[in-house]
Amino acid sequence: MDHFADRLRAAPQSRLQRGAAAEALGLARELALRAQLLEDPQGPVREMPDAGMFAAADQITVAGHDLALVLRTEGEVAEAVRLVEEAQKRAGV
C-alpha cells in the first residue's frame, strides 16, 4: 500500500487525471469500509470523501493503516494485499 501511494505521489498529473486517482479513491473507500465493519459492525458506515486527485495517495495510506490495525487473520491480510495489488495494476502506476 505504501508503495502504491508513493507511485501515485510520483505520477504526473495527466496519469492521475486518466483514472489513477479515481482508482486510488475507490481503494481507499473500500479499505476504510472494511476497517469500519471490523471495528464496529453495527455502527454507522461513513464514506471517505473525495479530497481531490492530489490527496488520493494520502487517503489510501490512512485507510490502509487503519485497516491493518484491525485485521485479525492471515486471510484478511492476504485479501487486503490482493485489493491493493489489483488497484495498483488498474491504476497503471
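Taken over the chain, the percentage of Cα pairs per 5 Å bin, counting from 0 up to the bin with the maximum distance, is 2, 16, 27, 24, 17, 9, 4, 1, 0. With the helix formula -39500 (n - 2.57) applied to DSSP H stretches of n ≥ 4, the chain reaches a computed 222 nm mean residue ellipticity of -21500 deg cm²/dmol. Comparing Val77, Ile60, Ala24 along the charge dipole axis of the chain, the residue lying farthest to the positive side is Ala24, per the Cβ-charge model. All other residues whose Cβ lies under 13 angstrom from that of Arg82 are scored, Lys and Arg at +1 and Asp and Glu at -1, for a net of -3. Between the Cα long axis of helix 56-70 and the first principal axis of the chain there is an angle of about 20°, rounded to the nearest 10. Counting Lys and Arg as +1 and Asp and Glu as -1 over every other residue whose Cβ lies under 11 Å from the Cβ of Gly92, the net charge comes to +4.
The angle separating the long axis of helix 21-39 from the principal Cα axis of greatest extent in the chain is about 10 degrees.
Among the GluC sites (Glu not before Pro) in the chain, those located in a DSSP loop and surrounded by at most 16 other Cβ atoms within 10 Å of their own Cβ are Glu47. Expressed as an acute angle from 0 to 90° and rounded to the nearest 10, what is the orientation of the C-alpha long axis of helix 74-91 relative to the principal long axis of the chain? The angle comes out at about 20 degrees.
The phi torsions of region 3-19, fed into the Karplus equation with coefficients 6.51, -1.76 and 1.60 and a -60° offset, translate into couplings of 5, 4, 4, 4, 5, 5, 4, 8, 6, x, 4, 4, 5, 4, 5, 7, x Hz, rounded to whole numbers, with Gly and Pro shown as x. Which net charge results when you count Lys and Arg as +1 and Asp and Glu as -1 among the other residues whose beta-carbon is under 12 Å from that of Val70? In short, -2. Here the chain is treated with +1 on each Lys and Arg Cβ and -1 on each Asp and Glu Cβ, and its dipole about the Cα centre works out to around 400 debye.
Scanning the chain for trypsin sites (Lys or Arg not before Pro) in DSSP loops with at most 11 other Cβ atoms within 10 Å, what's the longest stretch left with none? After excluding every exposed loop site, the longest remaining stretch is 1-45.
Here, each number is a calculation from the coordinates, and none is a lab measurement. Since the model is a prediction, treat every value here as computed from it, not as a measurement. Using ideal geometry, Cβ is built from the backbone for each residue, glycine included, and neighbour counts are taken over all protein chains shown.
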